[in-house]
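Asker: Here it is, the structure, as structure tokens.
Values in this text are rule-based calculations from the coordinates and carry no lab data. In this text, all values refer to a predicted model and were calculated from it rather than measured experimentally. Please note: Cβ atoms are built from the backbone with ideal geometry, for glycine as well, and neighbour counts cover all protein chains shown.
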Amino acid sequence: MSIIEALNWRYAVKKFSNEQLTNQQLAGLVESVRLAPSAYGIQPYQLIVVSSDAMKQACLPHSYGQDKVANCSHLLLLAHKTKLTQSDTESFITSLAQSQNAQASDLAAYQTQLEADLLSRDSTGQSQFAQQQCYIALGTLLTFAAANGIDACPMTGFDVNGINQALGLNDIGLSAAILCPVGVRAHDDHAASRAKHRLTTDELVVSL
């Protein structure tokens, strides 16, 4: 199946079956997020994999009645950092230097550029920047899922504060950005047979 065929196959699942994803499938989803692009490459978020039924149930009251949060194989959560510090940028530059077989001093100019942008923002600006990177990662995740026949339903309609409290995210400087239940669609999920509605190419594209 080509990528375009896979994107036509996928839809926002309304009802999951009881089938569980394999360890290999889950590992692929995780790796797709790890390899996702982000501004500066800094990835100011974490991917939280919720497999515990109890933890999924704890998220349900904060999901506006969307029971797929509790009835999926795994609940994936992209949670962004609420604050960026010099410690974050220094850690990133050190890690980047190691992966590129370089010295951190070789990346001093890049670190200066990075800090001049991110550390000059107020807390709201930093949080918004970090949250935006989650959406880039989500796109990579959903594309991988579709290409590998894994069903998913990305969600931003939930009580952020409630999810943060249920999963203890406030305590580790994170805030929930996106919930994404994954698994295998139920055979009687009627949403699977609906025609996909999108803008036409002419409606979408502006050529300059």
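Asker: Exposure proxy check: His74, His190 ranked by fewest other beta carbons within 10 Å? Mind showing how you got there, number by number?
Answerer: Numbers: His74 20, His190 9.
Final ranking by Cβ density, sparse to dense: His190, His74.
Asker: So how do Tyr64, Tyr11 line up by other beta-carbon neighbours within 10 Å, fewest first? Mind showing how you got there, number by number?
Answerer: Details: Tyr64 12, Tyr11 18.
Least crowded to most crowded, the residues run Tyr64, Tyr11.
Asker: Projecting each Cα onto the charge dipole of segment 64-173 (Lys/Arg +1, Asp/Glu -1 at the beta carbon, about the Cα centre), which of Ser87, Thr112, Ala130 comes out farthest on the positive side?
Answerer: Going by the Cα projections, it comes out as Ala130.
Asker: Could you work out how far apart the two model spin labels at Ala195 and Val30 are, taking each label as a point 7 Å from the Cα in the direction of the beta carbon, and quote it in nm?
Answerer: 4.2
Asker: Across the chain, how many lysine pairs separated by 8 or more positions, or lying on different chains, have Cα atoms within less than 23 Å?
Answerer: Lysine pairs, 8 or more places apart or on different chains, close enough: 9.
Asker: Still on this model: With charges set only on the Cβ (+1 for Lys and Arg, -1 for Asp and Glu), what does the dipole of the chain come to about its Cα centre, in debye to the nearest 20?
Answerer: Working: 13 positive and 18 negative charges, 90 e Å.
It comes to approximately 440 debye.
Asker: Using alpha carbon centroids, what distance separates segment 190-208 and segment 9-87, in Å?
Answerer: 26
Asker: If you don't mind, another one. Please identify the helices of the chain, taking whole runs of DSSP H, that span at least 18 Å along their own axis as judged from the Cα atoms and have a mean Kyte-Doolittle score of 0.0 or higher.
Answerer: Details: long enough: 86-99 (20 Å, -0.41); 123-147 (37 Å, 0.39).
In the chain, the long hydrophobic H runs are 123-147.
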